[in-house]
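Below you'll find the structure, written out as structure tokens, and then a few comments.
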């Protein structure tokens, strides 16, 4: 009888190598699928709640119907061709035109049905047209209106928040080396001042530097009329940024430094740091390898969420400084019940946040060998 063929040594080694690889790949794919479904479900719920709140559960439809009736009545009253109509004929004409406009806008359908249509449009980034607000070019497309307001917000908040982020980490590291020093005690004492938001400080800055001293402009992004020279234009923008950037910084800097300083102090008191000090390693090496490296996931998380928060702007601060950004746009949209603008801003922010949270899981695995994607508690 022929002998059964035995697997070769190379085949055994290949199987042994492929087994962990396939197991890791399956785990990552399974985790990715579950994570995508969970995050997308969260986006759906958040966007739908925004649609309900922005429409006040359908009450905005009643406001729109009232506005349509008022506009139609005014238009009919101003038309000389309708002067000979009786009151009954005029009312009949008003009702006919109102019904036509209501049907055109889809307000004749129940709100609950239209809310799901709006949800589908929002999730597919079919943002539609704004009800009242327009871009500088006169377009009512929500996409164009938002894109037009995005650069001013990014210029202002990226400058302020990225500076604040980098400066606070550097200052916190310096204070963690000098625990109990005068500078450390001063930051701890001033940390409660961050309880006031940036716009609160902005009001006093405007009163002092714009109204009293007259050194800086009251608001806006650039002087009027805007300079044609690019260098003069950039200098004008920088001058207009001084007060809002200062207000944002004053509203957060001391508490941010205090939080990072406390965070670094916790890690600097770990046993492995004391062991490194006992070995006589240089302070810079200890700081980079044993303090900054373990805290890198937290630093990356804060920086990523900081970049996402730039999208939202700041409603009150942009309004106070008359800054033409997304925050002021959202403030105007809320006041005018411009639902498409509100939903459009929310859905884009929701998608950016979900994508960021998803990517952070994989970034953690790259910067920290202890983290395994889909590894549960590993």
Checking 112, 63 in turn, the sole residue that is in a helix (DSSP H, G or I), modelled with pLDDT under 85, assigned by TED's automatic domain parsing to the domain that holds residue 47 and out of contact with any helix residue (DSSP H, G or I) (no Cβ under 7 Å at 6 or more places or on another chain) turns out to be 63
For the stretch 332-347, which positions are within 15 Å of the chain's Cα centre (by Cα), within 14 Å of residue 149 (Cβ to Cβ) and surrounded by fewer than 23 Cβ atoms within 10 Å (Cβ to Cβ)? 342
Failed item in (1) in contact (Cβ under 8 Å) with a residue 24 or more places away in the chain; (2) within 26 Å of residue 335 (Cβ to Cβ), with residue 193 passing the rest: (2)
If you go through the stretch 225-242 one residue at a time, do you hit one that is without any contact (Cβ under 8 Å) to a residue 24 or more places away in the chain, in contact with a helix residue (DSSP H, G or I) (Cβ under 8 Å, 6 or more places away or on another chain), loosely packed, with under 14 Cβ neighbours inside 10 Å and not in a helix (DSSP H, G or I)? yes
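The values are calculated or read from the model by the stated rules, or taken from the named source; none is laboratory data. These figures come from a predicted structure and were not determined experimentally. Glycine gets a Cβ as well: all are built from the backbone with ideal geometry, and neighbour counts include every protein chain shown.
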